[in-house]
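The values are calculated or read from the model by the stated rules, or taken from the named source; none is laboratory data. Keep in mind that this is a model prediction, so the values were computed, not measured. Cβ atoms come from the backbone with ideal geometry, glycine included; neighbour counts cover every protein chain shown.
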Amino acid sequence: MTTTKMPTSTPLVEVQNISKYFGQVIALKDISMRVGAGEVMCLLGDNGAGKSTLIKTLSGVHGHDEGKMLIDGEEVRFNSPREALDRGIATVFQDLAMIPLMGISRNFFLGREPTKGFGPFKRYDSAHADRVTREALKGMGIDIRDPSQPVGTLSGGERQSVAIARAVHFGAKVLILDEPTSALGVKQAAVVLRYIARTKEQGLGVIFITHNVHHAYPIADRFTILKRGRSYGTFEKSDVTREEVASMMAGGEDLENLSSELAEFERTDREEAKDRHDGKRRTRET
Ligand SMILES: Nc1ncnc2c1ncn2[C@@H]1O[C@H](COP(=O)(O)OP(=O)(O)OP(=O)(O)O)[C@@H](O)[C@H]1O
Ligand SMILES: [Mg+2]
């Protein structure tokens with residue numbers, strides 16, 4: 001099946017030639033990328049490539065030193081994560097910022113607790129929080145038995161899903177996920193990936209960071225590959241195979257060298273085995 005995509009309208013988020021320095025360290029140099037509504041954009045790259053630095057720039061944690069950042073086509077500069085959040089950019093960091101001993105709904109509303117009553121009678125409205133949490137998760141295909149169940153008792157995949165549902169519920173337009181599947185087994189990663197696909201269907205733009213091509217490939221519309229702070233390129237999924245993405249990520253040359261080294265090992269192994277075999281035969285013959 002081929003899907004020809006219309007040229008996308010104004011991206012939700014776009015960076016143009018962004019650079020970021022930490023003293024002498026060039027964390028990012030001349031990076032450009034964009035994500036539109038209903039798109040999953042995958043940010044790939046090896047350790048230290050600059051992935052986290054790039055999304056921290058987008059989410060208001062760091063300022064950028066060069067280049068432009070545009071939200072809905074308008075140039076912005078964030079001075080805090082709050083400002084990014086107010087423009088609809090929600091980031092789910094790897095540590096998730098959840099409190100394990102508190103219940104799911106308590107965590108869902110963390111920092112935005114609903115209240116009932118007035119003045120001195122004002123208190124946390126747990127019934128409301130429980131109901132909304134249950135509905136929001138159900139909307140994403142996750143049935144929770146008890147909204148007051150401690151988050152610490154959920155699986156890693158479920159916890160990621162709660163964090164994503166929370167961002168979506170509170171009005172994110174762009175969802176940034178920093179390695180949400182890296183610590184998960186195959187089944188749980190699938191839960192989270194399916195969930196990301198739902199988020200995309202709801203019209204959000206998703207920036208998905210991962211090391212794992214097998215997680216990225218099924219749900220991405222576009223890949224941007226970072227390498228030591230620089231962009232190795234941006235590719236539409238229709239233009240590249242999974243193997244090509246994997247090889248670009250690992251650094252094509254490195255992998256080719258590795259495979260020729262492995263071939264060399266194999267050859268010497270084979271020869272040694274043959275020598276041993278021949279040696280044995282010779283001893284038997286004599
Ligand atoms: N606050 C900081 N101060 C100084 N150097 C930093 C800082 N944050 C990141 N760096 C450097 O910037 C480079 C990019 O780091 P970054 O964390 O963005 O990589 P990454 O692609 O997210 O890697 P990983 O896959 O390991 O998470 C690294 O060389 C790192 O040491
Ligand atoms: Mg990182």
Practice prompt. Just name the residue that is surrounded by the most Cβ atoms within 10 Å (Cβ to Cβ) out of those in segment 212-228 that are within 16 Å of ligand 1 (Cβ to nearest atom) and among the β-branched types (Val, Ile, Thr).
Written response: THR224
Fill in: Residues satisfying the stated conditions in segment 135-187, i.e. on the phi > 0 side of the Ramachandran plot and out of contact with any helix residue (DSSP H, G or I) (no Cβ under 8 Å at 6 or more places or on another chain)
GLY171, GLU179
Practice prompt. Give the residue that is nearest to LEU226 (Cα to Cα), with candidates limited to residues of segment 44-57 that are more than 10 Å from ligand 2 (Cβ to nearest atom) and surrounded by 21 or more Cβ atoms within 10 Å (Cβ to Cβ).
Written response: LEU44
Worksheet item: Within segment 42-133, which helices (runs of 4 or more DSSP H) (wholly inside it) include 3 or more residues that are at pLDDT 90 or above and within 15 Å of ligand 1 (Cβ to nearest atom)?
Response: 51-58
Worksheet item: Taking interchain pairs and intrachain pairs at least six residues apart, which have beta carbon atoms under 8 angstrom, with the first residue in segment 154-181 and hydroxyl-bearing (Ser, Thr, Tyr) and at pLDDT 80 or above and the second away from ligand 1 (no atom under 16 Å from the Cβ) and in a loop (DSSP other than H, G, I, E, B)?
Response: SER161/MET140; SER161/ILE142
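Let me confirm something: among SER148, SER126, which residue is in contact with a Gly (Cβ under 6 Å, 6 or more places away or on another chain) and surrounded by 13 or more Cβ atoms within 10 Å (Cβ to Cβ)? Steps first, please.
Working: SER126 fails: in contact with a Gly (Cβ under 6 Å, 6 or more places away or on another chain).
Exactly one of SER148, SER126 is in contact with a Gly (Cβ under 6 Å, 6 or more places away or on another chain) and surrounded by 13 or more Cβ atoms within 10 Å (Cβ to Cβ), namely SER148.
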